[in-house]
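Just below is one structure, and these are the notes that go with it.
Derivation of every value follows stated rules applied to the coordinates shown; laboratory data play no part. As the structure is a prediction and not an experimental result, all values here were calculated from the model. For neighbour counting, all protein chains shown are included, and Cβ atoms are generated from backbone atoms with ideal geometry for every residue, glycine included.
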Amino acid sequence: MTKRNFLKFITLLSAGLIFNLDSKENKFQLSNIKKNIEKDLINWDSIKLHRTGTEGDNETAYWLADEIKKCGLTAEVDSFNFIKRTPGKCEVTNGTHTAIGLPMFDGGSTSSNGIKGPHGSLNTDDVIAITKYGSSTNDESSINLNEAREKNKHPAIVAIADVFPNIPGLAVLNAESYRKPYGPPVLQVATQEGEWLMKLKADEQISVSVELIDEKSDAINVQTKIEGKDQSLSPLVVMTPKSGWWTSTSERGGGITIWLNAVRYLSKNQPNRNVIFTANTGHELSHLGLDHFLEKNSSLVKDAFSWVHLGANFAAKEGQVLWQASTKEFMEKGLEQLKALDLDEIISWPVSSRPLGEARNIYDGGGQFISLLGSNPLFHHPEDIWPDSIDMEKLIKLNSFMTNMIMDMANVTH
């Protein structure tokens, strides 16, 4: 999408084509929208593990395909090969206390027998290091952890989730180097395990097992295309991730239900241009599924009219809404429309900076995009489940906003 076309689209936004929640017609539709959203979230939440290549991730793919078929569309279930790293024995113990954890999937691994030895800090080489990490890779403690992994001077590392002010627990980090694992085995353990791990005696030895079992496996993306009236127009692409560490309902559910609602709407209201919908696995494993999709559709990054990224966390209670866009003009207009929704807190990502989430893949390829994300006190946390983690009022507003953004972009004729 050229800057000129973006400006034309902005003109449509300025003309007031964004969904008006106060209109009589839309108030009539709100109850049905809420029912659809609740149904989608309950279906998503009924699958308790959405990790890439697992039974739950595959079940999610076939559920999404069934929803697409209900709209009279063809669903493409796209399976591809990858090496799945499955956790085996993953624990740390001093003989009295034992903490069960989750490995860093892009790190080293041990046998089931593990490693036994003295412990210390990241500043002491050749010991099992005990440290903390934050809720994102940008936190200072996470940066220190990853620097130690790169230096690779510890036989193993035990990393305690230090996710304040988020909710304590086993909130884990994404495996950003999944294809090229590096460094020592790292065991991530829940916040509360720090109470005994940080009080270990200096001469006390500990045992750590960080077993990862590599095997050839398959993962699944789901796509569909809605044919536009004018085949000469470049397509719009709507993408959302469909995998996560745990149940991840407020993290992933918002993107999933808006994606489905946009499919449902446009299947009944033919747009001017083709709209490609893709739900990709591998989010937590360095965007494995989106990379596969882009490898199969290498020209689409630049050739698409634009990409719509339905990212993480914007459905969460007590979370911010984050808006990202590839041009200054669209950033400003998007923020203007979002602020009209009367949400608690809206922030933006600098246009010139590499964006967060799957939008970064489009940015790296030189494509145009808009992107909706957010923050979440249960980010990557096992307790991110329905209904307590969801802000339904916020999600209904964002569903209307993004559905109409997609509709309007799909109907631009330039």
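Among bridges DSSP assigns within the chain, what percent are antiparallel (round to 5)? Show your work: numbers first, answer last.
Numbers: 36 of 65 bridges.
Taking every DSSP beta bridge within the chain, about 55 percent pair in antiparallel fashion.
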Exercise for review: Report, in degrees rounded to the nearest 10, the 0 to 90 angle that the Cα long axis of helix 55-70 makes with the longest principal axis of the chain.
Suggested key: 10
Review point. How big is the gap, in Å, between the Cα center of segment 326-346 and the Cα center of segment 30-78?
Key: 29
Revision key, fill the gap. Longest principal axis of the chain (C-alpha) makes with the long axis of helix 24-45 (C-alpha) an angle, in degrees to the nearest 10, of 30
Revision key, fill the gap. Taking a straight Cα-to-Cα line shorter than 22 Å from Lys35, and setting aside same-chain lysines fewer than 8 residues away, one finds Lys24, Lys27, Lys48, Lys69, Lys70, Lys242, Lys268, Lys317, Lys394, Lys397
Review point. Dividing the convex hull volume of the Cα atoms of segment 32-132 by its residue count, what figure in Å³ per residue is obtained?
Key: 174
Practice item. Could you let me know the centre-to-centre spacing of segment 153-171 and segment 176-248, using Cα atoms, in angstrom? Key: 15
Point to revise | Distant-in-sequence amide H partners of Leu212 (H built 1.01 Å from N, under 5 Å) | key: Gly88, Thr110
Study note, to complete from the structure: Largest first and rounded to whole Å, the semi-axes √(5λ) derived from the alpha carbon gyration tensor of segment 204-264 read 40, 16, 9
Revision key, fill the gap. Taking only the alpha carbons of the chain, the radius of gyration and the largest Cα-Cα distance, Dmax, both in angstrom, are 22.3, 74
Revision key, fill the gap. Listed by chain and number, the lysines with an alpha carbon less than 19 angstrom from that of Lys328, same-chain partners under 8 positions apart left out, are Lys3, Lys8, Lys302, Lys339
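At a 10 angstrom cut-off on C-beta neighbours, averaged per residue, how do the peptides 134-142, 259-267 rank from highest to lowest? Don't jump to the answer; show the numbers that get you there.
Working: 134-142: 16.2, 259-267: 21.4.
Ranked from most to least packed, the peptides come out as 259-267, 134-142.
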Check your understanding: Could the peptides 103-111, 304-312, 220-228 be put in order, highest first, of the mean number of other beta-carbon atoms found within 10 Å of their residues?
Key -> 304-312, 103-111, 220-228
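What dipole magnitude, in Debye to the nearest 20, does the chain give about its Cα centre under +1 on Lys/Arg Cβ and -1 on Asp/Glu Cβ?
On the way: 42 positive and 52 negative charges, 242 e Å.
The calculation lands at about 1160 debye.
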Check your understanding: If you place +1 on the Cβ of every Lys and Arg, -1 on the Cβ of every Asp and Glu, and leave all else neutral, what size is the dipole of segment 85-215 about its Cα centre, to the nearest 20 Debye?
Key -> 140
Practice item. Work out from phi, with θ = phi - 60° and the Karplus expression 6.51 cos²θ - 1.76 cosθ + 1.60, the ³J(HN,Hα) of each residue of segment 397-406, listed in order in whole Hz, and give x for Gly and Pro. Key: 5, 5, 4, 5, 4, 6, 4, 6, 4, 5
Exercise for review: Could you tell me whether segment 305-392 comes out rounded, prolate or oblate from its Cα gyration tensor? Rule is a ≥ b ≥ c as square roots of the eigenvalues, rounded for a/c under 1.5, then prolate if a/b exceeds b/c, otherwise oblate.
Suggested key: oblate
Review point. Using all Cα-Cα distances in segment 85-215, what percent lands in each 5 angstrom bin from 0 up to the longest?
Key: 2, 12, 23, 27, 22, 11, 3, 0
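With r as the distance between the Cβ atoms of Val351 and Glu204 and R0 = 56 Å, compute the FRET efficiency 1/(1 + (r/R0)^6) and round to 0.05.
Working: r = 52 Å, r/R0 = 0.92.
Here the calculated transfer efficiency is 0.60.
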**Study point:** segment 291-315 and segment 369-401: distance between their alpha carbon centers, rounded to Å
**Key:** 20
Check your understanding: Cβ under 10 Å from Ser141's Cβ, Ser141 left aside: what net charge do those residues give with Lys, Arg +1 and Asp, Glu -1?
Key -> -2
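Rounded to the nearest 500 deg cm²/dmol, what is the calculated helix-only ellipticity per residue at 222 nm for the chain, with -39500 (n - 2.57) per DSSP H run of length n ≥ 4? Numbers along the way, then the final one.
Working: 11 runs with 137 residues, N = 414.
Per the formula, -10500 deg cm²/dmol.
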Check your understanding: Once both axes come from the Cα atoms, what is the angle between helix 140-151 and the longest principal axis of the chain, in degrees from 0 to 90, rounded to 10?
Key -> 60
Exercise for review: Work out the charge dipole of segment 85-215 with +1 on the Cβ of Lys and Arg and -1 on the Cβ of Asp and Glu about the Cα centre, then indicate which of Ile130, Val210, Val158 is farthest towards its positive end.
Suggested key: Val210
